[in-house]
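For reference, the structure discussed in these notes is given below.
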Amino acid sequence: MYVHPQETDYNIKTLFELIDASGLEFVGFSNPEAWSLERLLGQAPELMARAASLGERDRYRLIELLNPHVPHYEFFLARPPLDRSTWENDTEIKAATIQRNPCMHGWPSRSLLNQDYHPATISEAGFEFLKAAETAATGTTVGQIIETVPTPLEEIRQLWQQRMIFLGLSADRTGPG
């Protein structure tokens, strides 16, 4: 691969040129921790403040320049339009369908390894919610589960942010969630 005459070296700029030409939408990197400015500049709040004004692609380019050892690009693309939800609306999250992330190692336990093999601890409420979600029928909504296992919505949002669960649009809506 490294001496092949067709080998092409990409950087963030040329990668996004290729993505733009494809007509697809960039969803994100599969290894978001590697593309986190906080990891590189977290100890320098003044630099983090300056970087906050950069656009997404410029932030990725800055990360690439600060960390030239990014081994390769792993990313997800989608056909537009992609409906992205932050699940901040209480009504939306209650109507969302749920699936436990199958890539948690050590389940069922409150202390486990997440999909990136990083240690994670789930609260007691989150653990009970996850157990109920796992045994629920396909298409069961968050609202239906919290009727039987009362769980604060903020706890459910935290599980989603930690990628412990996947949330989707209920059957009465279309598109990905």
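Details
- Boolean, Asp9 is out of contact with any His (no Cβ under 7 Å at 6 or more places or on another chain), among the charged types (D, E, K, R) and either modelled with pLDDT of 90 or more or surrounded by 11 or more Cβ atoms within 10 Å (Cβ to Cβ) (or both): no
- Residues that are closer than 25 Å to Asp116 by Cβ and either in a loop (DSSP other than H, G, I, E, B) or of a type in the set (Asp, Glu) (or both), drawn from segment 2-24: Tyr10, Asn11, Leu24
The values are calculated or read from the model by the stated rules, or taken from the named source; none is laboratory data. What you see is a predicted model, and the numbers here were worked out from it, not measured in a lab. Positions of Cβ are backbone-derived with ideal geometry, glycine not excepted, and every protein chain shown enters the neighbour counts.
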